[in-house]
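The values are calculated or read from the model by the stated rules, or taken from the named source; none is laboratory data. Note that the structure is a prediction, hence the values are computed from the model and not measured. Cβ coordinates were reconstructed from backbone atoms using ideal geometry, including for glycine residues, and neighbour counts include every protein chain displayed.
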Amino acid sequence: MYQLIDTHAHLEEIENLAPVITVARNAGVAAIIAVGSDDKSNREVLKIAQAHPGLVYPALGLHPSRIIQGEIEPTLEFIEAHIGDAVAIGEIGLDYHKRVRAEADKELQHSVLRRLLKLAGRYDKPVSLHSRYAWHDALKLVNEVELQKVIFHWYTGTSSVLREIINRGYFLSITPAVTYHEEHRRTVKETPLEQLLLETDSPVVYGRGREFEFEARPSDVRVSLRGTAAIKGIPETDVASVTSANARRLFDLG
């Protein structure tokens, strides 16, 4: 059985998590990076990781859609206070969707992200980066801070930015959307396998309006695996082996 690593999942958003964890283990999932989005979820992912040692590893973050004035400082303080328990900082980033910008404008998002990136650099932690409609600016900020360990999560941006991400040696994480989303499929086509990771972004719903619509679970990282292998034209065993090795090295999982 393949040993797979789901490098990006919101486990705290999944109800009745215990059987989901069991299914993931049985599907060959050897590790799950549980990402936080705000102060509450950061606390929850730490608890989940403590309950599942050796399988669930916490990442602490502040998602751009969760940036709220008055809560920024305590959230950043909590992340730094518990940085030793985390394998990464994430989910963090920029989101230029109009609904998100209505709550946190570009200037505020940039300010928060810059602080989080500097924190990651200070403690030598990888970052899991959200960059919806903000691919160029996200890459620019990462380059300014001169980080080495960066994952562009669920990348669907332009080829020009993708080429620069690849040239900088950063990673791109692939979701089940690889089975149908053309920009995400292009990411797989153009990125060397040595810079790819697999993820589910659970419990995101994939294929909305299609016959195969489903709410993702960590076990669905196998969908990401199959889609990546098909596009690359290589055996699933090769994709599983290389992407899992990439994740273990990047997150220092041993």
Go through the range 201-225 and give me each residue that's over 20 Å from Leu172 (Cβ atoms), surrounded by 13 or more Cβ atoms within 10 Å (Cβ to Cβ) and not aromatic (Phe, Trp, Tyr). Pro203, Gly207, Arg217, Ser219
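Determine, yes or no, whether Ile83 is surrounded by 20 or more Cβ atoms within 10 Å (Cβ to Cβ), in contact (Cβ under 8 Å) with a residue 40 or more places away in the chain and of a type outside the set (S, T, N, Q). Steps first, answer last, please.
Details: surrounded by 20 or more Cβ atoms within 10 Å (Cβ to Cβ): no; in contact (Cβ under 8 Å) with a residue 40 or more places away in the chain: yes; of a type outside the set (S, T, N, Q): yes.
Criteria not met by Ile83.
Do we have Gly93 as on the phi > 0 side of the Ramachandran plot and buried (at least 17 other Cβ atoms within 10 Å of the Cβ) here? Explain how you work it out, then say what you get.
Numbers: on the phi > 0 side of the Ramachandran plot: yes; buried (at least 17 other Cβ atoms within 10 Å of the Cβ): yes.
Here the answer is yes, as Gly93 does meet what is asked.
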Does Thr228 fit the bill of being of a type outside the set (Phe, Trp, Tyr), under 13 Å from His153 (Cβ atoms), out of contact with any Ser or Thr (no Cβ under 7 Å at 6 or more places or on another chain) and part of a helix (DSSP H, G or I)? no
Report whether or not Leu113 is of a type in the set (A, V, I, L, M, F, W, C) and either in contact with an Asp or Glu (Cβ under 6 Å, 6 or more places away or on another chain) or farther than 11 Å from Gly61 by Cβ (or both). no
Can you spot a residue in the range 52-64 that is β-branched (Val, Ile, Thr), out of contact with any strand residue (DSSP E or B) (no Cβ under 7 Å at 6 or more places or on another chain) and not in a loop (DSSP other than H, G, I, E, B)? no
Within the range 128-160, the residues that are without any contact (Cβ under 8 Å) to a residue 12 or more places away in the chain and under 17 Å from Glu183 (Cα atoms) are Ser160
Within the range 116-127, track down each residue that is surrounded by fewer than 18 Cβ atoms within 10 Å (Cβ to Cβ) and either under 16 Å from Ile68 (Cβ atoms) or without any contact (Cβ under 8 Å) to a residue 40 or more places away in the chain (or both). Lys118, Gly121, Arg122, Asp124
If we scan the range 226-236, do we find a residue that is surrounded by 14 or more Cβ atoms within 10 Å (Cβ to Cβ), among the β-branched types (Val, Ile, Thr), closer than 20 Å to Met1 by Cα and within 15 Å of the chain's Cα centre (by Cα)? no
Being under 18 Å from Ile33 (Cβ atoms), exposed (fewer than 15 other Cβ atoms within 10 Å of the Cβ), free of Cβ contacts under 8 Å to residues at least 60 places away in the same chain and over 16 Å from the mean Cα position of the chain (by Cα), is that true of even one residue in the range 246-253? no
Scan the range 58-69 and tell me whether some residue there is among the charged types (D, E, K, R) and exposed (fewer than 15 other Cβ atoms within 10 Å of the Cβ). no
Does Pro74 meet the test of being in a helix (DSSP H, G or I) and at pLDDT 95 or above? yes
Quick check: is even one residue across the range 244-254 assigned to a loop (DSSP other than H, G, I, E, B) and modelled with pLDDT under 95? yes
List every residue pair whose Cβ atoms sit under 8 Å apart, with the two residues 6 or more apart in sequence or on different chains, where the first one lies in the range 1-29 and is of a type in the set (Lys, Arg) and the second, anywhere, is outside any helix (DSSP H, G or I). Arg25/Leu55
